[in-house]
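We did not get these values from a lab; they are worked out from the coordinates using the rules stated. Everything quoted here is computed from the prediction, not taken from an experiment. So basically every Cβ, Gly included, is an ideal-geometry build from the backbone, and we count neighbours across all protein chains shown.
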């Protein structure tokens, strides 16, 4: 009994020591906060698209009669299920730790619980899609519909999570500022928030393809399907990620031009701002550039560093994307608060 009490006392000291460390090192605190945003968001984006990617491979396995496509579909289905359970358990722990920060029965707490429930439904669909594989081998249409349902449920859970993030940002505004729900969620169809929503479809497929490519590299020895399988499956995932990111970058370019020339003629940026934003825009094309040689290679397993580097470059965009989702413009021309 004394041993258990000593262990409990030792564990109780850890949060206090961690908090003291983060207060002493602001850069470490900022890095930890960024990781706490970009990693769950990237995982949620990948989870939302994994059902669609796995279902596409499942359909190709039937239409093209290729066993390699079915193996790839199962591998992506396993990845989707693993990502879903990690997100579900991690978000539940986060909700438990932050429970005291929200008033019981408030709209914010209700929204958070609904968001977690929707994620649970998506994880359940993803789990059924993977675990019932052998039992639905002859019921391809039903299995494909279940895979599509898991993807749709994942997208709904993603939208709910982004809505909760925006509500949390609104709750952090000064007490004298009160915004109604229409002002929070409908600030304008070309506002940063709605532009971020327009970017979702290509981002979902890009992160799903990028995570799928990295997953194949990690599972190479565990799932020994032969080199030919990975020489076909890895470029397929990389091609999805490359094409989807290219579409996203074109949307990003349109947003940049809309901000630079709001009336179609006069530039709103100074030359320095224009060069800085243009350089940043070119940098965000990097993931597609890194995925390109992987998608066209006949020996993609030799390009493992590129697979990892491309995904990390894509994950780096999760922070500015989150900032766009949570940026709320104050009334009467006030500045946006992240």
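Test of understanding: ordering 198, 102 by Cβ neighbours within 10 Å, fewest first, what list do you get?
Exposure proxy ranking, most exposed first: 198, 102.
Exposure proxy ranking for 85, 236, 291, based on other Cβ atoms within 10 angstrom of each Cβ and starting from the fewest, stands as 85, 236, 291. Taking the square roots of five times each eigenvalue of the Cα gyration tensor of the range 40-173, the equivalent ellipsoid has semi-axes of 34, 12, 11 Å, listed largest first. The equivalent ellipsoid of the range 164-257 has semi-axes of 40, 17, 8 Å, largest first, where each one is the square root of 5 times an eigenvalue of the Cα gyration tensor. If you take the beta carbon distance between residue 231 and residue 94 as r and set R0 to 35 Å, what does 1/(1 + (r/R0)^6) give as a FRET efficiency, to the nearest 0.05? Working from the Cβ atoms, E equals 0.30.
Values of log10 I(q)/I(0) for the range 239-323 across q = 0.13, 0.14, 0.17 Å⁻¹ run -0.50, -0.57, -0.75, by the Debye formula with one identical scatterer at each alpha carbon and no solvent. Principal axis extents of the C-alpha atoms in the chain (largest first, rounded to whole Å): 74, 63, 39. Spatially, the range 204-244 and the range 114-149 are offset by 21 Å when compared through their Cα centroids.
Per residue, the average separation of C-alpha pairs within less than 8 Å and at least 6 apart gives the range 40-173 a relative contact order of 33 percent. Using helices alone, what [θ] at 222 nm do you get for the chain, with -39,500 (n - 2.57) per DSSP H run of 4 or more residues, divided over all residues and rounded to the nearest 500? Value at 222 nm, helices only, nearest 500: -26500 deg cm²/dmol. Highest average first, the peptides 34-44, 304-314, 251-261 ordered by how many other beta carbon atoms sit within 10 Å of their residues are 304-314, 34-44, 251-261. Normalised by 2.2 N^0.38 Å, with N the number of residues, the alpha-carbon radius of gyration of the range 73-128 equals 1.32.
When only C-alpha pairs under 8 Å and at least 6 residues apart count, what is the relative contact order of the chain, in percent? Relative contact order comes out at 20 percent. Every Cα-Cα pair in the range 183-329 was counted, and those over 27 Å apart are 32% of them.
Given in Å, the Rg to one decimal and the Dmax to the nearest whole number for the Cα atoms of the range 273-314 are 12.6, 42.
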